[in-house]
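Q: Take a look at this one; I'll ask things after.
The values are calculated or read from the model by the stated rules, or taken from the named source; none is laboratory data. Predicted model only: the values in this text are computed from it and were never measured. Ideal geometry is used to build each Cβ from the backbone, glycine not excepted, and the neighbour counts take in all protein chains shown.
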Amino acid sequence: MFYSVIEKYKNFNYENFFSNISTEKIKSIINNSGKKNLEDLDFLALLKPNISSDILEIMAQKANEISIQYFGKEIQLYGPLYISNICDNECTYCAFKKSNGIKRRHLTYEEIETEAKYISENLKLDNIILLTGESTVNSIEYLSKAIEILKKYFSTVIIEIHPMDKNHYEELFKVGLDGVTVYQECYNEELYKNFHLEGKKSDYRYRLDTPQRAGEANLRAINIGTLFGLGNIVEEGFLSGLHGKYLMNNFLNSEISISLPRIREAFNNISGENILDDRYLVQILMAYRIAFPTLGINISTRESSNFRDNLIPLGVTKFSAGSVTEVGGYSISKKTLPQFETSDHRSVSQIEKAIKNLGYQPIFKNWLNL
């Protein structure tokens, strides 16, 4: 289990480690990368804070080279579909948390189909992420039927919901589920307790092992990540990268990817205490690409349009587009609060055009289930 890796670095002295990493050492790691996953500490060396602009440029060139080698010049497009904001958890950074007195909504099957049809016909997206609050009201029966409906309109359906047991993932796989997105949010176990006060999500280990259960259930796509702004930036970037490496090494039949979400404004939530600035986010992204050549990298509409576009040559493989983060927000009504505020408000067609202008090809269809 990945927890053994967490324990290995539990009391690691990052400051002392970086004090012994020279510019020449970083250059050597970059020059010898690109063929296989890096060793843990070589990856960590690429995360050294406050490196020079010259080294960042070398990283950028290498990241671009590796990206084109393994992924070509293609960017997969996907969109989120929220079907419920009912939640049993008390997460200090989320608008959907149980204590927030917001309007709750739980879409009917007919409403799910209305939203799916609208997205398919008007946004032309073919890859969808189904999202809910983390609540027992979202039963296996409800989720199974929702997936069956979505598979009529989309080739790829991924869920970002409450963690489940392996047998539940296997059951959803049978009705068409392709993958799971689950963010650990905070890899530091002690800090994790401060942000997750009630509900099943307060179980650190159960959440940490969720990608493992998804892989054991033979799901084709597994996406992970931390929520930057909660824990120490370097530690979170390092451990989330190692988690991706662990999954790639153990689930060869699954497409493993990682996201780099930064905490965003949401109703009645905390602000991030560990701010990840643009420069270091770029460095983390490039370190992921250089250290783990076949790892997918997602950038969502949490980030601004110009910033997202500039990240494309550095290792990004997936883009969300036309995102709406409220329940039923595409075609039914906009009377519930979004889970968080987005920054890139461009339409799918505008994002498609921007990607093409950069010399890349937007990809709407990932795979077909035969």
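Q: Considering only residues that are crowded, with 16+ Cβ neighbours inside 10 Å and not polar (S, T, N, Q), look in the stretch 20-39 and name the one that is farthest from the chain's Cα centre (by Cα).
A: The extreme case among them is ILE21.
Q: Which ones in the stretch 1-19 are without any contact (Cβ under 8 Å) to a residue 60 or more places away in the chain, surrounded by fewer than 14 Cβ atoms within 10 Å (Cβ to Cβ) and assigned to a helix (DSSP H, G or I)?
A: Answer for the stretch 1-19, where residues must be without any contact (Cβ under 8 Å) to a residue 60 or more places away in the chain, surrounded by fewer than 14 Cβ atoms within 10 Å (Cβ to Cβ) and assigned to a helix (DSSP H, G or I): SER4, GLU7, LYS8, GLU15, ASN16, SER19.
Quick grid of which residues meet (1) out of contact with any Lys or Arg (no Cβ under 7 Å at 6 or more places or on another chain); (2) more than 30 Å from SER99 (Cβ to Cβ); (3) of a type outside the set (Val, Ile, Thr):
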site: GLY215; (1), (2), (3): yes, yes, yes
site: ASN223; (1), (2), (3): yes, no, yes
site: THR226; (1), (2), (3): yes, no, no
site: HIS243; (1), (2), (3): yes, no, yes
site: ILE256; (1), (2), (3): yes, yes, no
site: SER259; (1), (2), (3): yes, no, yes
site: ARG262; (1), (2), (3): no, no, yes
site: ARG279; (1), (2), (3): yes, yes, yes
site: LEU285; (1), (2), (3): yes, yes, yes
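Q: Could you check how many residues of the stretch 184-198 are touching a residue at least 12 places away in the same chain (Cβ under 8 Å) and part of a helix (DSSP H, G or I)?
A: Of the residues in the stretch 184-198, 5 are touching a residue at least 12 places away in the same chain (Cβ under 8 Å) and part of a helix (DSSP H, G or I).
Q: In addition: Within the stretch 91-113, which residues are part of a helix (DSSP H, G or I) and either surrounded by fewer than 17 Cβ atoms within 10 Å (Cβ to Cβ) or under 22 Å from the mean Cα position of the chain (by Cα) (or both)?
A: Residues satisfying the conditions are TYR109, GLU110, GLU113.
Q: Let me ask something additional. Can you tell which of ILE140, ILE161, ILE86 is β-branched (Val, Ile, Thr), touching a Ser or Thr at 6+ places or on another chain (Cβ under 6 Å), modelled with pLDDT of 95 or more and closer than 23 Å to THR210 by Cα?
A: Answer to the check: ILE161.
Q: Hey, another quick one. Among (1) out of contact with any Phe, Trp or Tyr (no Cβ under 6 Å at 6 or more places or on another chain); (2) farther than 30 Å from GLU134 by Cβ, where does TYR82 come up short?
A: Against the list (1) out of contact with any Phe, Trp or Tyr (no Cβ under 6 Å at 6 or more places or on another chain); (2) farther than 30 Å from GLU134 by Cβ, TYR82 comes up short only on (2).
Q: Here's a follow-up. Against the conditions (1) more than 24 Å from ILE263 (Cα to Cα); (2) surrounded by fewer than 23 Cβ atoms within 10 Å (Cβ to Cβ), where does ASP178 fall short? Just the number, please.
A: The failed condition is (2).
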